[in-house]
């Protein structure tokens, strides 16, 4: 009987302890991503490299990790498709994948020439690096 009380007490207090947000995040038991509470934050889900000319444009030309991909879309300037066509170079290689923006699943693409796009629900937003801080992502 004493062993049952001890186990029940241990189970109760360990459960109560993990319900405290600071305790769970400090111990790593909180499995919810921090981005789920922020509707505009991007969660990069996948990334794949594509090239039309491997002799000119290689994966090392656009070797970005998930954090760098999210940083690109945070730092790059939103531009129109007309501005993109007029003022920016299109590279023969790019990364593309899926991302989550709030509860919306989207597709993204970033070219080695520091331009990109996000398409959510059929609407595409275009991006371009226009300053040194953004270009540093590609170094």
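Numerical summary
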{"quantity": "Filtered residues of region 74-94 (kept if assigned to a loop (DSSP other than H, G, I, E, B) and crowded, with 19+ Cβ neighbours inside 10 Å)", "calculated": "76, 91"}
{"quantity": "One residue from 102, 97, 116 being modelled with pLDDT under 95, surrounded by 11 or more Cβ atoms within 10 Å (Cβ to Cβ) and under 19 Å from the mean Cα position of the chain (by Cα)", "calculated": "102"}
{"quantity": "Top-ranked residue of region 39-57 - restricted to ones that are exposed (fewer than 12 other Cβ atoms within 10 Å of the Cβ) and either more than 12 Å from the chain's Cα centre (by Cα) or not assigned by TED's automatic domain parsing to the domain that holds residue 69 (or both), ranked as modelled with the lowest pLDDT", "calculated": "39"}
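The values are calculated or read from the model by the stated rules, or taken from the named source; none is laboratory data. For clarity, every value in this text was computed on a predicted model and none was experimentally measured. Cβ sites come from the backbone with ideal geometry, for glycine too, and all protein chains shown count toward neighbours.
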